[in-house]
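What follows is a set of notes on a single structure, which appears directly below.
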Amino acid sequence: MQSLSVTATNSDGTSIDKAECVIDNDKGHWTATTPSFVMVHRSAEDLTVVCKKEGVLDGVLKAVSRAAGSMFGNIVFGGGIGAIIDHNKGNGYNYPDQLPVKMGKSVVVDRKDQDTAQRNAQQVSMQ
């Protein structure tokens, strides 16, 4: 399982409280009210988030699932058996930690972008 932050904003960036969100992948279906955290089952499949609030256009977000570093370690050191198990259970994948839904829009967030930003921040702090 992975804990994810779900938020919603208007086109001008102001926060929208109490938007009702439905979160889905092939492992399950969850609901959340913004802003909040939700625990989801990890999967190789992308995560879809649809948020609704009366008087506001719906917001749709797709969170891209990415293989975690443990998957590569399993392939190299475990002969692939561990990777197959993690793939089937979804344990070897991660979603972006934050799901920033923009009401009235459809957006994509990718774990790869989050990881790149974290590496860049670490490099700056080490200088």
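The values are calculated or read from the model by the stated rules, or taken from the named source; none is laboratory data. Because the structure is predicted, anything quoted here is derived from the model rather than measured. Cβ: placed from backbone, ideal geometry, glycine included. Neighbour counts: every protein chain shown.
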Considering residues of the stretch 18-53 that are out of contact with any Lys or Arg (no Cβ under 9 Å at 6 or more places or on another chain) and farther than 14 Å from L99 by Cα only, the residue surrounded by the most Cβ atoms within 10 Å (Cβ to Cβ): A44
Residue within the stretch 91-108 that is in contact with a Cys (Cβ under 7 Å, 6 or more places away or on another chain), at pLDDT 95 or above and farther than 19 Å from S5 by Cβ present: no
Filter result for V49 (at pLDDT 75 or above, within 19 Å of T7 (Cα to Cα) and in contact with a Leu (Cβ under 7 Å, 6 or more places away or on another chain)): yes
The lone exception for M1 - which of (1) modelled with pLDDT under 95; (2) more than 13 Å from the chain's Cα centre (by Cα) it fails: (2)
Filter result for S11 (among the hydroxyl-bearing types (S, T, Y) and modelled with pLDDT of 95 or more): no
